[in-house]
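Everything below concerns the one structure shown next.
The values are calculated or read from the model by the stated rules, or taken from the named source; none is laboratory data. Quantities reported herein were computed from a predicted structural model and do not represent experimental measurements. When we count neighbours, we look across all protein chains shown, and the Cβ atoms used for this are built from the backbone with ideal geometry, even at glycine.
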Amino acid sequence: MSISPAFLDELRNRIPVSRIVGRKVTWDLRRSNQAKGDWWAPCPFHGEKTASFHVDDQKGFYYCFGCHAKGDALTFLRESEGLDFIEAVKVLAAEAGLPMPERDPAEAKRADRRSVLVEAMEAATRHYRMQLATSHGAEARDYLARRGLQQEGIDRFELGFAPDMRQGLFHALREKGLAEDVIVDAGLAAKPDDGGAAYDRFRGRIIFPIRDARGRVIAFGGRAMDPNARAKYLNSPETALFDKGRNLYNIAPARSAVSKGAPLIVAEGYMDVIALSLAGFEGAVAPLGTAITEDQLRLMWRISPEPVIMLDGDTAGQRAARRLIDLALPMTGPGQALRFAMLPTGQDPDDLIRASGRAAVQKVLDGARPLVDLLWEREVEGREFDSPERRAALDASLRKAIAQIQDEATRNHYAAALRERRYELFGGRRGAGRLTPGRREQRLADRAPRAQTRATPLGQQDTGDLTLEAMALAICANYPDLAHRVESQLELLAPADPGRAALCHDLLAGSDSMAGRAALARIMEDSYVRAAPMIRSSGDPDKALAVLRNILDKIEARRMGQSELSRAEAEIEGLVDEGLTWRMTESARARHRAEHPELDDTSDLGEDREALTARLASYYQFKPNKKKQ
């Protein structure tokens, strides 16, 4: 069975090598850089203890510096599991959720055809570059000079020029022996419907060659020299080589730059990318004449976990950013985030660089904002919230938006971030519709707990939290692979005890400190921790994970409740408004969810199940507050 290179490329783009390799190795988290897709582990192909096996998700390959094993995800499946090529492709296709291509004996012929089309595109690139250097390209050279583009930049990006001639390129390629149907199929010429002679698709335009991730010219972009042209920019049509929704301009150089530490910047057009790259921001790419697509987002995240979307600060730029929100939300999650950098109104990257220098662009990048900010602004901008119904409508629209997020941890963090913004909008104020908190509200929010508050159980360290905290750390220590499956919650645990904090850090970083070992020894002295079967010996990791998540949910819910009650006590002297009651309701709901988890069977927590269950429940009972007389 012949598998098309395009299908194999799609598999490699969808499945990081680390996901396949990670099932066979234990990563060295001290040496690995997860954010950049750079992973190290002991080699699974030869016995060793050092982490000499390197996986690079951005390049899609692995290499062992010990035994010199190397390859991609398909190679790893074949060598580690003894699969043949087709079997390995089927495994990877199932992982990616892609159906296997049907048997196609003509695929080899199509592959040969694509090779011929690539040759035609390379020949056209050389022709356009030569035309830019002739008298025909004088006006185009002047335009590029006015844009600050010198010969070095022209050569680096292989810019060319298509003279305003009906068949200039067509005749040049025919003289080189290329058939008419090849020239047309490559998108270089168009055939009239009446059957007349083919004519050049690009005329009177500066030409920008578009190369794919493998470095092949697959299309062109053309910028009209005539200000009255119907289209300022024109791209090649979609061909056997070119799918504009699944490629990015400058992808190969940008990927190389990002692997060396540069940020991935997504600009709007060709000249933006060129200006940024020549100014030192070499991780710049651009969509190809369309709004960013789902496939382009996946491609960006393949290169970098947090691309920066750089848009003009005008109304059109704002609209483009907000259109991207709903596209990105269902796909966002750990390792797949977006930030948005807005340029000053009326300036593109080239204008900003020439007016204020590289530092001005860096300042814009430093001020890039997360997706949640734009979501909030989209929902509240231009709206008044002076009635319960309007506030309820806001809540409904926010819930609908974040419900699109597939990753549970990310969805929970979005909900928390939006709750904070909602409190700033509504909390502690008599009026409605203002976007910033009043002075009195800010003063109350910043106030430290009062003496009488510190004397209550809410102001003191809770021994129940400490015991559950100890149980969570002990489970993670007994099942080392679980720590990174609850990484976000474990980071929020933030133990107050320095020893436990060190142990928490060790569990997340895969390190081993003296303070962490001492803290673990103290934790194991707790009879309830020591009595749990999952601590005494390794059992079912999935059951341990369920119990661990239940414990962490309880800790998080209780802390949120304590925080809100302390806040409420500070605010109760003033007007009890909707913001206060809403926050308290959300806190109670969170605690209710934690008190009634999906996991009903707690037998793995200890032999005396009833006693331990009662003790854990006692930690999380709310004592009813007496009404203020």
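A few comments on the model shown:
- Among the candidates 245, 269, 283, 289, the residue that is at positive phi and small (Gly, Ala, Ser) is uniquely 289.
- Residues in the stretch 241-265 that are without any contact (Cβ under 8 Å) to a residue 40 or more places away in the chain and assigned to a helix (DSSP H, G or I) were compared, and the one that is surrounded by the most Cβ atoms within 10 Å (Cβ to Cβ) is 257.
- Number of positions in the stretch 379-412 that are part of a helix (DSSP H, G or I) and surrounded by fewer than 16 Cβ atoms within 10 Å (Cβ to Cβ): 12
- Hits in the stretch 315-357 (condition: within 29 Å of residue 298 (Cα to Cα) and basic (Lys, Arg)): 319, 322, 323, 339
- Taken over the stretch 239-275, the residue count meeting the criterion of being farther than 16 Å from residue 211 by Cβ, under 22 Å from the mean Cα position of the chain (by Cα) and of a type in the set (A, V, I, L, M) is 6.
- Selection status of residue 364, over 22 Å from residue 305 (Cα atoms) and among the β-branched types (Val, Ile, Thr): no
- Residue 518 meets the conditions (1) buried (at least 17 other Cβ atoms within 10 Å of the Cβ); (2) farther than 17 Å from residue 468 by Cβ in every case but one. The failed one is (1).
- Condition met for residue 29 (part of a helix (DSSP H, G or I), modelled with pLDDT of 85 or more and surrounded by 15 or more Cβ atoms within 10 Å (Cβ to Cβ)): no
- Tally of residues being in a loop (DSSP other than H, G, I, E, B), touching a residue at least 40 places away in the same chain (Cβ under 8 Å) and surrounded by fewer than 20 Cβ atoms within 10 Å (Cβ to Cβ) across the stretch 288-302: 3
- Breaking point among (1) free of Cβ contacts under 8 Å to residues at least 40 places away in the same chain; (2) closer than 22 Å to residue 163 by Cα; (3) polar (S, T, N, Q), for residue 236: (1)
- Residues of the stretch 71-90 that are assigned to a loop (DSSP other than H, G, I, E, B) and either of a type in the set (Phe, Trp, Tyr) or under 13 Å from residue 16 (Cα atoms) (or both): 72 alone.
- The residues on offer are 132, 159, 188, 149, and the sole one that is within 43 Å of the chain's Cα centre (by Cα), at pLDDT below 95, among the hydrophobic types (A, V, I, L, M, F, W, C) and buried (at least 17 other Cβ atoms within 10 Å of the Cβ) is 149.
- Flag if residue 555 is farther than 16 Å from residue 466 by Cα, among the aliphatic types (A, V, I, L, M) and either buried (at least 16 other Cβ atoms within 10 Å of the Cβ) or touching a strand residue (DSSP E or B) at 6+ places or on another chain (Cβ under 6 Å) (or both): no
- Selection within the stretch 301-338 - under 15 Å from residue 266 (Cβ atoms), modelled with pLDDT under 90 and of a type outside the set (Lys, Arg): 301, 303, 304, 305, 311, 312, 317, 320, 321, 336
- Residues satisfying the stated conditions in the stretch 32-48, i.e. assigned to a loop (DSSP other than H, G, I, E, B), closer than 20 Å to residue 485 by Cβ and more than 21 Å from the chain's Cα centre (by Cα): none
- Just one of the listed residues (268, 238) is in the same structural domain as residue 312 (by TED's automatic domain parsing) and assigned to a loop (DSSP other than H, G, I, E, B), namely 268.
- Members of the stretch 49-70 found to be under 16 Å from residue 305 (Cβ atoms) and part of a strand (DSSP E or B), listed by number: 55, 56
- Only a single item in (1) out of contact with any His (no Cβ under 8 Å at 6 or more places or on another chain); (2) farther than 29 Å from residue 263 by Cβ; (3) surrounded by 15 or more Cβ atoms within 10 Å (Cβ to Cβ) is not met by residue 37, and it is number (2).
- Looking only at the stretch 43-100, and only at residues there that are free of Cβ contacts under 8 Å to residues at least 24 places away in the same chain and in contact with a His (Cβ under 8 Å, 6 or more places away or on another chain), the one that is farthest from residue 256 (Cα to Cα): 66
- Test for residue 343: is it crowded, with 20+ Cβ neighbours inside 10 Å, touching a strand residue (DSSP E or B) at 6+ places or on another chain (Cβ under 7 Å) and hydrophobic (A, V, I, L, M, F, W, C): yes
- Among the candidates 168, 187, 153, 160, residue that is closer than 30 Å to residue 279 by Cα, of a type outside the set (Asp, Glu) and free of Cβ contacts under 8 Å to residues at least 60 places away in the same chain: 160
- Among the conditions (1) more than 25 Å from the chain's Cα centre (by Cα); (2) at pLDDT 90 or above; (3) surrounded by 14 or more Cβ atoms within 10 Å (Cβ to Cβ); (4) not aliphatic (A, V, I, L, M), residue 369 misses just one, which is (1).
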